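Visitor: This is the structure, below, for whatever I ask next.
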Amino acid sequence: MMELLKLCGFKAQEIKSELPRVEKAFNRLGITAEDIERGRQRLIKYYDIELEGVRKALRLCLLELVNTVLAREEGKARVLYGFMAPGWETIGAALVTESKDVFSVHHSWAFLLIVGCIFDKVVPVFEAAEKKWLKAGVVAHCSNVKATFGLVASDLVPRPDLVVTSGYLCETSPKTLDLLHELYDMPVCCYDTCLDREFKEYSKATKRIVALSAKSLRRLVDRVQEVVGFEITEDMLSEVINARKALNTAMRKLRGIIENSDPLPLNASHETIWMCLNSLTLSMDTLPEAIDAINTLCEELQERVRQGVGVVEKGAPRILAILPSHHADPRLEHLVAEMGIAIVALDTNLFVPYEKTPRDPYVRMSIGLQISLNTSLPRRLLMIVEECQRLNVAGVLDRFHVGCRSIAGDAIIFENAIKKELGIPVLLMEWENFDPRVYNHEQFKSRLEVFKTMLTGR
């Protein structure tokens, strides 16, 4: 255990103080000594843990999971979960900064990273959800909602005082919360907007959509105030948003280094860590640690660039990938790099600029609707084509999350348009972004071999 914590960035004195808490949380999650050894090996294989920035980021994600599991017994009077809830990291940070009696977390991101990517033990939680309603196989419900439902069904995390979600992208998420309410009498709340944007009126429609989202977020905060018993002011939210600017700047710098370096200095499997880190409930005390982790990593990667060190050979074919890296299984991204292909960008990091920076914190939280996944299909496709041109990529990995109706339906449209507009190869791959059971090493390797031949033969 101590060796594992060292690999995850814990210093000697902190290991001594945190070890009992980590052991208690791991026992609750069913993580055994055998799992810990497997986790140690997977950390070494799939992540560049020799980089201090990676270790610092993993430490924060691991602490988030431990804090979640132990929240009730460590005296938190109110526990709130956000799930697929853009903006919740801001509201949650305001809550925990204001009161030490409140615990807030963006549910399941840290669980999927730590228990999935590191320990490879998420499947039992999915199976617990599947026994209730969220089926596998032909029905193919998204395993992201299975993670949230399964954690509650397995009694691995405390029952919350409120679970919050949005309908921005996924209609199954609000339905899942309704199920949690019916089966476990859990208080739930959903905020939403209307995503009907036509390409020709994109800017005008965006203002309408953001305004509706901001109005819905205000109603959400009214509900949260009732639960926690104190006011959440606009100044509190603005303070968090302004403080997180430094983290956003560091993230942009990190992605710029990865996009523009040859050879590629870091494997795309690490993207899951950055996504988890960005979703953590970072109070004003812990936010500087997250910023330091990314800035430290940027310095280390710049040194790799100066030395010509990379995870693939210099001149390896560069590609853009559709959707985030796998949330619970690093094997595909690791295999892509192992075969000498460099994933230099993900479309989910693309963002349509808002017309101007607003003062209203609720509007600022709603600007998350400008990311690739939340835009209209024509605008998202244009963003992808423009990004491929900007980065001069040799091809696109068009993996589509088969459990998501709004995502799976776009895959063939992307493939046809990219081939027509850019004339570059596209590998269309049926995928599940959260479930490691879909991974088929030999099949994926065979398809990637053909894809690489197409990339290098252009």
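Rundown of residues vs (1) more than 30 Å from A342 (Cβ to Cβ); (2) among the polar types (S, T, N, Q); (3) in contact (Cβ under 8 Å) with a residue 24 or more places away in the chain, yes/no style:
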{"site": "Y184", "(1), (2), (3)": "yes, no, yes"}
{"site": "Y202", "(1), (2), (3)": "yes, no, yes"}
{"site": "S213", "(1), (2), (3)": "yes, yes, yes"}
{"site": "S216", "(1), (2), (3)": "yes, yes, yes"}
{"site": "D235", "(1), (2), (3)": "yes, no, no"}
{"site": "S238", "(1), (2), (3)": "yes, yes, yes"}
{"site": "M251", "(1), (2), (3)": "no, no, yes"}
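Visitor: Please enumerate the residues belonging to region 217-258 that are under 20 Å from the mean Cα position of the chain (by Cα), part of a helix (DSSP H, G or I) and of a type in the set (D, E, K, R).
Guide: Of everything in region 217-258, those that are under 20 Å from the mean Cα position of the chain (by Cα), part of a helix (DSSP H, G or I) and of a type in the set (D, E, K, R) turn out to be K245, R252, K253, R255.
Visitor: Separate question: Being closer than 29 Å to D161 by Cα, charged (D, E, K, R) and either free of Cβ contacts under 8 Å to residues at least 12 places away in the same chain or part of a helix (DSSP H, G or I) (or both) is true for just one of E23, E50. Which residue is that?
Guide: Of E23, E50, the one residue that is closer than 29 Å to D161 by Cα, charged (D, E, K, R) and either free of Cβ contacts under 8 Å to residues at least 12 places away in the same chain or part of a helix (DSSP H, G or I) (or both) is E23.
Visitor: Also: What residue, among those in region 399-435 that are among the charged types (D, E, K, R) and not in a strand (DSSP E or B), is modelled with the lowest pLDDT?
Guide: My answer is R405.
Visitor: I'm checking my understanding of the structure. Among residues of region 346-358 that are in contact (Cβ under 8 Å) with a residue 40 or more places away in the chain and over 16 Å from the mean Cα position of the chain (by Cα), which one is surrounded by the fewest Cβ atoms within 10 Å (Cβ to Cβ)?
Guide: Once the filter is applied, the top-ranked residue is E355.
Visitor: Using the structure shown, decide if G150 is over 15 Å from N433 (Cα atoms) and surrounded by fewer than 24 Cβ atoms within 10 Å (Cβ to Cβ).
Guide: no
Visitor: Keeping to region 197-216, report how many residues are under 25 Å from the mean Cα position of the chain (by Cα) and either surrounded by fewer than 13 Cβ atoms within 10 Å (Cβ to Cβ) or under 17 Å from S173 (Cβ atoms) (or both).
Guide: Of the residues in region 197-216, 2 are under 25 Å from the mean Cα position of the chain (by Cα) and either surrounded by fewer than 13 Cβ atoms within 10 Å (Cβ to Cβ) or under 17 Å from S173 (Cβ atoms) (or both).
Visitor: Could you list all residues from region 279-311 that are under 27 Å from L373 (Cβ atoms) and of a type in the set (A, V, I, L, M, F, W, C)?
Guide: L280, L282, L287, A290, I291, A293, I294, L297, C298, L301, V311 - these are the residues of region 279-311 that are under 27 Å from L373 (Cβ atoms) and of a type in the set (A, V, I, L, M, F, W, C).
Visitor: Also, I was wondering about something else. Looking only at region 263-296, which residues are in a helix (DSSP H, G or I) and either charged (D, E, K, R) or over 15 Å from N248 (Cβ atoms) (or both)?
Guide: Of everything in region 263-296, those that are in a helix (DSSP H, G or I) and either charged (D, E, K, R) or over 15 Å from N248 (Cβ atoms) (or both) turn out to be A268, S269, H270, E271, T272, I273, C276, E289, D292, T296.
Visitor: Got a sec? Which of A57, A85 is closer than 30 Å to L266 by Cβ, touching a residue at least 60 places away in the same chain (Cβ under 8 Å), in contact with a Leu (Cβ under 6 Å, 6 or more places away or on another chain) and buried (at least 22 other Cβ atoms within 10 Å of the Cβ)?
Guide: Going through A57, A85 in turn, just one is closer than 30 Å to L266 by Cβ, touching a residue at least 60 places away in the same chain (Cβ under 8 Å), in contact with a Leu (Cβ under 6 Å, 6 or more places away or on another chain) and buried (at least 22 other Cβ atoms within 10 Å of the Cβ): A57.
Visitor: Mind listing whichever residues of region 388-424 are more than 29 Å from S143 (Cα to Cα), buried (at least 18 other Cβ atoms within 10 Å of the Cβ) and not β-branched (V, I, T)?
Guide: Of everything in region 388-424, those that are more than 29 Å from S143 (Cα to Cα), buried (at least 18 other Cβ atoms within 10 Å of the Cβ) and not β-branched (V, I, T) turn out to be C388, A394.
Visitor: Out of the residues in region 268-282 that are of a type in the set (S, T, Y) and surrounded by 24 or more Cβ atoms within 10 Å (Cβ to Cβ), which is farthest from A321 (Cα to Cα)?
Guide: The selected residue is T281.
Visitor: Let me ask another. For region 425-454, enumerate the residues that are more than 15 Å from E333 (Cα to Cα) and buried (at least 21 other Cβ atoms within 10 Å of the Cβ).
Guide: Result: P425, V426.
Visitor: Continuing with this model, one more query. Mind counting the residues in region 363-382 that are under 16 Å from T348 (Cβ atoms), in contact (Cβ under 8 Å) with a residue 40 or more places away in the chain, hydroxyl-bearing (S, T, Y) and assigned to a helix (DSSP H, G or I)?
Guide: Matching residues across region 363-382 total 0.
Visitor: For the list (1) within 22 Å of N278 (Cα to Cα); (2) in contact with a Lys or Arg (Cβ under 9 Å, 6 or more places away or on another chain); (3) not in a helix (DSSP H, G or I), I need the number of the one condition that M186 fails.
Guide: That leaves (1) as the condition not met.
The values are calculated or read from the model by the stated rules, or taken from the named source; none is laboratory data. Here the structure is a predicted model, which means the values were calculated and not measured. Ideal geometry is used to build each Cβ from the backbone, glycine not excepted, and the neighbour counts take in all protein chains shown.
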